[in-house]
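Derivation of every value follows stated rules applied to the coordinates shown; laboratory data play no part. Every value quoted in this text rests on a predicted model; they were computed, and no experiment measured them. No Cβ is skipped: glycine too gets one built from the backbone with ideal geometry, and neighbour counts run over all protein chains shown.
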Amino acid sequence: MKATAVTCLCLLFTGCVVAPKDPFVAARRALDRADLAGALLAYDAVPVTHARYPEARAAAADIEQRMRRSLELVLEALMLRGEWQDQEALEALRRARDFWREQPGLEQLTAATERRLALLEREAEALPAAPAEPAAVPLIEVAPPVVPLPIAAPVVAPMPAPVAAAQPAPEPPATESSLPAAVRAPAPPPSPVRPEPSPALPVAVAPAASAAVPAPPPPAVAAPPTGAPLGEEVAQGLLRAEARLTRGDTDVAVADLVDLARRFPAEDRVRVRLVRLLHQRALRRYGEGAVESAINDWERILQLDANDAEAQQGLAVARAERSRR
């Protein structure tokens with residue numbers, strides 16, 4: 001009795017774990033587990049004579065399209081990661097998960113991208129903030145001071161004295177009026193009358209022409225303070241380059257780092273970041289078929305570090321490719 005019960009339990013357990021013989025049913029179960037690869041294999045195993053063969057072929061085509069779209073999104077995310085556009089890469093990976101959730105390596109790639117994005121955000125927060133640029137001081141036009149002009153003393157022109165009218169001579173005494181004119185005594189000559197001086201009249205005086213007084217120079221405006229210290233300037237330059245990479249301006253970020261390396265040749269941080277970015281751009285250009293541009297990037301790396309083995313190897317391969325063309 002006990003042996004019979006054990007045998008029944010073994011048969012029941014075996015029936016639960018053994019895969020179904022019908023490939024169409026196996027494909028349905030694989031789809032329920034989101035196993036697109038297993039479902040595709042099962043649908044392809046459905047024979048032509050099967051009653052549901054047309055349905056199996058349509059389902060297999062739909063699975064192939066979903067897998068292809070998911071792989072395209074993963075490839076796009078990898079290219080975005082190579083350009084340090086981690087936020088856009090994460091969005092592409094999440095869309096790829098909607099098409100094929102169980103894609104091998106998808107979860108690991110998503111986690112790695114999230115960790116690198118968080119690390120870059122922490123480093124950006126640790127950098128000192130850029131110094132605020134001083135506000136422009138408006139130039140105020142100052143009117144020149146009013147200088148009182150010297151007033152010249154009025155010039156009074158002498159006026160001609162008026163000529164007094166001559167007074168008539170006094171009449172002779174009445175005692176001699178009866179005498180004839182021939183014997184009349186001559187009248188004494190009239191005494192001269194001095195004219196009284198008249199008061200001087202004011203004359204309008206024209207103001208003397210004043211010499212041109214030069215305007216005083218405008219007040220000097222204090223020059224704005226100079227830039228940040230060298231260490232902070234390098235850190236701000238690196239941060240601006242990372243911000244350009246986040247927006248997808250890879251070529252502009254490379255140009256900024258090249259200028260920063262030229263201005264601060266002793267800064268290892270700038271050199272290491274520039275070399276790494278040039279490696280990524282050279283690989284991307286070589287993959288796109290721009291062999292000459294990739295050669296230029298690798299040659300610039302060797303100018304910064306002559307012992308860079310990866311750049312030497314990439315340059316040799318690219319030159320050989322160019323010679324074959």
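Length available on full extension from Glu292 to Arg94: 0.36 nm per residue minus the Cα-Cα distance, which gives 67.8 nm.
Taking 25 Å as R0, compute the FRET efficiency from the Cβ-Cβ separation of Arg52 and Glu72 and round it to 0.05.
Working from the Cβ atoms, E equals 0.25.
In terms of its C-alpha gyration tensor, the range 26-102 has a prolate overall shape, because the principal axis ratio a/c (a ≥ b ≥ c, square roots of the eigenvalues) is not below 1.5 and a/b outweighs b/c.
Placing dummy labels 7 Å off each Cα toward the beta-carbon, the span from Asp22 to Arg263 is 7.3 nm.
Were the residues from Glu114 through Arg325 laid out at 0.36 nm apart, the gain over their Cα-Cα distance would be 71.8 nm.
Calculate, in nm to one decimal, what Gln312 and Ala61 gain on full extension: separation in residues at 0.36 nm each, minus their alpha carbon distance.
Fully extending the segment from Gln312 to Ala61 adds 85.8 nm.
Projecting label points 7 angstrom from Cα along Cα→Cβ for Arg300 and Ala34 puts them 4.2 nm apart.
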